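Chemist: Could you have a look at this structure, given as structure tokens, before my questions?
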Amino acid sequence: MTNQTDKRHHLNSVLMRESLIDKKVMASTEVETPVIRMLPDTHVIKIGSSSIIDQGKSLTYPVVEVLGELLETEKLILGVGGGLRSKHVFSIGCDLGLPTGALAQISVTDALGNAHMLGALLSPYGVVAIPPEIFGHLLPLFIRSAPGVIFNGVPPYSLWEHPPGIGRIPPHRTDAGCLILGECFGCKSVTLVKDVDGLYDSDPKTNPDAKFIPEITASELKARNFKTLPFDEVLVDILKTSRLVKSFQVINGTKPELIKAAINGEHVGTIVRADN
């Protein structure tokens, strides 16, 4: 019997009495309102720290110049990592027996240092490096107030980082952080700026006969199981389940003009595509 004196409001939701581990229930959420694109006119660019910033003025300045030109017409979110310093920290941490989550936590500091250095170089263009504590919440405000922003690309899994299948190095590093960010905000493109032309069937730095791969799908890449990749391996899994970002391009930042070409929609490196 209904209590007529109960004036409380009750939430009416299709999921309120359902189990969130039921596969059929989870599948039903896919047919609800389509996922919105919060920043559809904004490009995400990962600037390689080991490959670009750590190499000093000779490589970094030309990249900064090209980014400055792009900022005149485009909205850019620039992600950076810790580069060689993070690799050094990982090496020490593994020697000390630190778990994956602890390694993920301490890698943030080095990435923040590179973010502030790149931010200083791009400050004449109005670019700001946003602290990670407020980055996600205030990103839309900053990107509408300034032509570009810089962030520490390490995804904030921190102590909750997923243990990798091999070794202890955090699998979600700065390439993954940039792709996940682009997916969350529905950005226009995701570009990874490295020091190689793109993807090869083996490491071109050690094998002069390595064959260049201009385009490949996530499933094909997974099936070929290359021994080495120029980006975080977990990107393949992220792309296979993404809703908004359907591809990313790997380009050679030692040829800075390719950055502008990639943002303009040109195929100038290796494009990795989702299967659908």
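Chemist: Please name all residue pairs, on different chains or six or more residues apart, with Cβ atoms under 8 Å, provided the first residue is in segment 188-212 and is within 14 Å of Leu258 (Cβ to Cβ) and the second residue is part of a strand (DSSP E or B) and charged (D, E, K, R).
Modeler: Once the first residue is within 14 Å of Leu258 (Cβ to Cβ) and sits in segment 188-212, its partners that are part of a strand (DSSP E or B) and charged (D, E, K, R) give Thr191/Lys46; Leu192/Lys46; Val193/Lys46.
Chemist: I need every pair where a residue in segment 163-185 that is within 16 Å of Ala102 (Cα to Cα) has its Cβ under 7 Å from the Cβ of a residue that is polar (S, T, N, Q) and at pLDDT 95 or above, sequence separation at least 6 or different chains.
Modeler: Here the result reads Pro163/Thr100; Pro164/Thr100; Arg168/Thr100; Pro170/Thr100, each pair linking segment 163-185 to a residue that is polar (S, T, N, Q) and at pLDDT 95 or above.
Chemist: In segment 95-205, which helices (runs of 4 or more DSSP H) lie fully inside it and hold 1 or more residues that are exposed (fewer than 14 other Cβ atoms within 10 Å of the Cβ) and of a type in the set (S, T, N, Q)? Spell out the reasoning first.
Modeler: On the way: elements: 100-122, 132-145, 174-185.
It comes to 132-145.
Chemist: Exactly one of these conditions fails for Ser189: (1) hydroxyl-bearing (Ser, Thr, Tyr); (2) within 13 Å of the chain's Cα centre (by Cα); (3) more than 12 Å from Val44 (Cβ to Cβ). Give me its number.
Modeler: Checking Ser189 against (1) hydroxyl-bearing (Ser, Thr, Tyr); (2) within 13 Å of the chain's Cα centre (by Cα); (3) more than 12 Å from Val44 (Cβ to Cβ), the one that fails is (3).
Chemist: Return the only residue of Glu18, Glu32 being touching a helix residue (DSSP H, G or I) at 6+ places or on another chain (Cβ under 6 Å) and modelled with pLDDT under 90.
Modeler: Glu18
Chemist: Let me ask you something else. Can you name the residue in segment 223-276 that is part of a loop (DSSP other than H, G, I, E, B) and of a type in the set (Phe, Trp, Tyr) and is also modelled with the lowest pLDDT among such residues?
Modeler: Phe226
Chemist: Would you check which residues across segment 206-218 are farther than 15 Å from Pro230 by Cα and in a strand (DSSP E or B) and list them?
Modeler: Thr217
Chemist: Suppose the filter is of a type in the set (A, V, I, L, M, F, W, C) and within 18 Å of His172 (Cβ to Cβ); does Phe231 pass it?
Modeler: Criteria met by Phe231.
Chemist: Looking only at segment 246-267, which residues are without any contact (Cβ under 8 Å) to a residue 40 or more places away in the chain, under 23 Å from Tyr61 (Cβ atoms) and of a type in the set (Lys, Arg)?
Modeler: Across segment 246-267, the qualifying residue is only Lys255.
Chemist: Mind checking which residues of segment 72-99 are within 30 Å of Pro40 (Cβ to Cβ) and hydroxyl-bearing (Ser, Thr, Tyr)?
Modeler: Within segment 72-99, Thr73 is the sole residue that qualifies.
Chemist: Kindly indicate whether Leu229 is among the hydrophobic types (A, V, I, L, M, F, W, C) and without any contact (Cβ under 8 Å) to a residue 40 or more places away in the chain. If you could, list the steps in order and put the result at the bottom.
Modeler: Numbers: among the hydrophobic types (A, V, I, L, M, F, W, C): yes; without any contact (Cβ under 8 Å) to a residue 40 or more places away in the chain: yes.
Yes, satisfied.
Chemist: Taking the criterion of being crowded, with 18+ Cβ neighbours inside 10 Å, out of contact with any strand residue (DSSP E or B) (no Cβ under 7 Å at 6 or more places or on another chain) and either farther than 22 Å from Ala262 by Cα or in contact (Cβ under 8 Å) with a residue 12 or more places away in the chain (or both), would at least one residue in segment 40-53 satisfy it? Let's see the steps before the verdict.
Modeler: Applying the first criterion (crowded, with 18+ Cβ neighbours inside 10 Å) to segment 40-53 yields 42-49, 51-53.
Of the ones still in play, those that are also out of contact with any strand residue (DSSP E or B) (no Cβ under 7 Å at 6 or more places or on another chain) are none.
The answer is no; no qualifying residue exists.
Chemist: For Ala223, all conditions in the list (1) of a type in the set (A, V, I, L, M, F, W, C); (2) out of contact with any Asp or Glu (no Cβ under 9 Å at 6 or more places or on another chain); (3) surrounded by 19 or more Cβ atoms within 10 Å (Cβ to Cβ) hold save one; what is the number of the exception?
Modeler: It fails just one condition, (3).
The values are calculated or read from the model by the stated rules, or taken from the named source; none is laboratory data. Bear in mind that the values here come from a model prediction, so they are computed numbers and not experimental data. In this analysis, Cβ positions are derived from the backbone assuming ideal geometry, glycine residues included, and neighbour counts consider all displayed protein chains.
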